[in-house]
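The values are calculated or read from the model by the stated rules, or taken from the named source; none is laboratory data. Bear in mind that the values here come from a model prediction, so they are computed numbers and not experimental data. Glycine also receives a Cβ, built like all others from the backbone with ideal geometry; neighbour counts cover every protein chain displayed. Just the protein is used for accessible areas: all its heavy atoms, side chains included, with ligands, DNA and RNA removed. Shrake-Rupley method; radii C 1.70, N 1.55, O 1.52, S 1.80 Å.
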There are 2 protein chains.
Amino acid sequence: MKFHIDPDSFGFLVNDVARLTRLEMDRRIEEAGLGFTTGEGRALIHIKRAGPVRQNVLAERLGVEAMTCSTTLDRLEAKGFIERRPDPSDRRAKLVVLTAAGEDVIERVGPIAATVREDAALGLSPAEWETFLGTLRHVRSTLTGIRESAQAQAREDAA
Amino acid sequence: MKFHIDPDSFGFLVNDVARLTRLEMDRRIEEAGLGFTTGEGRALIHIKRAGPVRQNVLAERLGVEAMTCSTTLDRLEAKGFIERRPDPSDRRAKLVVLTAAGEDVIERVGPIAATVREDAALGLSPAEWETFLGTLRHVRSTLTGIRESAQAQAREDAA
DNA sequence: TCGAGATACTAAGTAATACTTATTATCAGC
DNA sequence: GCTGATAATAAGTATTACTTAGTATCTCGA
């Protein structure tokens with residue numbers, strides 16, 4: 001039987017598109033001298049959205065382990081984009097807040113993200129693009145659900 | 001103009017979906033005891049498709065620098081999935097070939113990729129899924145073109 | 001109330017993926 | 001045959017992830 005290797009299979013496609021988007025984004029951020037990566041930008045935007053937020057909550061929203069989140073926050077704190085403040089309601093916890101520099105850098109990355117988006121959408125109609133984004137949201141939601149079930153299962157097995 | 005930054009913008013969406021797909025894929029590969037990552041699988045499949053191939057050609061197809069490719073091949077070689085053979089037509093170059101173990105592991109990863117794809121496509125009609133893949137292919141092609149132009153420009157600037 | 005177990009965070013260690021720069025061997029063109 | 005380009009890699013760095021283990025603190029039940 002002939003080998004079926006689909007170079008355009010879902011996994012490779014989505015990985016390629018994400019990789020290309022990230023590399024292009026990183027290149028333009030670098031060019032603009034903003035001094036952070038797409039991954040750090042992702043964290044910044046979630047912090048912006050969530051307001052002062054506990055690290056464990058932020059980790060969950062980012063879909064990473066608490067330790068991974070902590071390391072990312074270390075870098076962002078070193079760069080002066082966020083602060084960790086004690087949570088008055090729980091002395092174990094810390095609240096993550098954006099600094100003025102963090103707010104500023106988010107404002108400046110917006111136009112850059114817009115140029116990448118425009119480039120990615122070249123040759124597609126607005127309707128096609130919206131459909132595309134809608135499907136991406138749908139798939140993300142599906143996969144997030146699967147991942148959460150798997151993690152719950154893993155915790156159960158561990159217990 | 002105000003730039004609306006949110007986690008549902010294109011860059012974050014596609015990154016999230018790729019991350020979730022990769023993590024889920026890695027989890028199932030791990031579960032099956034195949035002993036490699038999605039990234040390594042990507043390299044394996046490109047080697048399979050290209051046949052005996054020079055490392056620099058492979059690097060270009062993978063869209064990474066020669067050194068990154070070399071490191072990935074080190075891991076694959078250590079695991080016994082590939083071999084580096086001297087290129088008879090150029091003594092500087094090496095040809096990368098799959099071993100029997102490499103062929104075997106590609107066969108076994110196929111069904112795993114299929115389960116992830118099925119899960120990702122839950123709740124979408126076949127037509128919607130095809131449209132989605134078509135748009136991903138289109139965007140990949142657009143971004144690849146942009147990246148190649150940028151690299152050509154960088155080489156020119158360096159010269 | 002107090003003690004056990006859970007939770008919030010971090011230190012330490014590991015691994016994969018990616019880059020840059022510099023080096024060695026070899027090739028190709030003048 | 002020399003010179004510059006090319007193929008691969010060594011060395012060093014950074015990011016993004018994980019696990020395990022440890023400390024401080026909280027919460028709930030006996």
Of all residues in segment A:80-93, count the ones that are open to solvent by less than 90 Å² (accessible area, probe 1.4 Å), more than 8 Å from DNA strand D (Cβ to nearest atom) and either under 23 Å from the mean Cα position of the chain (by Cα) or not assigned by TED's automatic domain parsing to the domain that holds residue A:51 (or both). 5
Residues located in segment A:113-133, provided they are open to solvent by 20 Å² or more (accessible area, probe 1.4 Å) and assigned to a helix (DSSP H, G or I): A:113, A:115, A:117, A:118, A:119, A:126, A:127, A:128, A:129, A:130, A:131
Which residue pairs have Cβ atoms closer than 7 Å, lie 6 or more positions apart in sequence or on different chains, and pair a first residue in segment B:30-42 that is under 10 Å from residue B:109 (Cα atoms) with a second residue that is among the acidic types (Asp, Glu) and within 15 Å of DNA strand D (Cβ to nearest atom)? B:38/B:26
When you look at residue B:96, is it more than 12 Å from chain A (Cβ to nearest Cβ), in contact (Cβ under 8 Å) with a residue 12 or more places away in the chain, open to solvent by less than 80 Å² (accessible area, probe 1.4 Å) and more than 10 Å from DNA strand C (Cβ to nearest atom), yes or no? yes
What pairs come up if the first residue lies in segment A:54-67 and is touching a residue at least 60 places away in the same chain (Cβ under 8 Å), the second is within 7 Å of DNA strand D (Cβ to nearest atom), and their beta carbons are under 9 Å apart, counting only those six or more places apart or on different chains? A:63/B:19; A:63/B:23
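In the set A:76, A:62, which member is more than 14 Å from every other protein chain (Cβ to nearest Cβ), surrounded by 16 or more Cβ atoms within 10 Å (Cβ to Cβ), within 10 Å of DNA strand D (Cβ to nearest atom) and within 14 Å of residue A:46 (Cα to Cα)?
Among A:76, A:62, only A:76 is more than 14 Å from every other protein chain (Cβ to nearest Cβ), surrounded by 16 or more Cβ atoms within 10 Å (Cβ to Cβ), within 10 Å of DNA strand D (Cβ to nearest atom) and within 14 Å of residue A:46 (Cα to Cα).
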Matching residues in segment A:114-141 (within 23 Å of residue A:27 (Cα to Cα), among the aliphatic types (A, V, I, L, M) and more than 7 Å from every other protein chain (Cβ to nearest Cβ)) number 1
Residues being surrounded by fewer than 19 Cβ atoms within 10 Å (Cβ to Cβ) and more than 10 Å from DNA strand D (Cβ to nearest atom) - total across segment B:46-59: 5
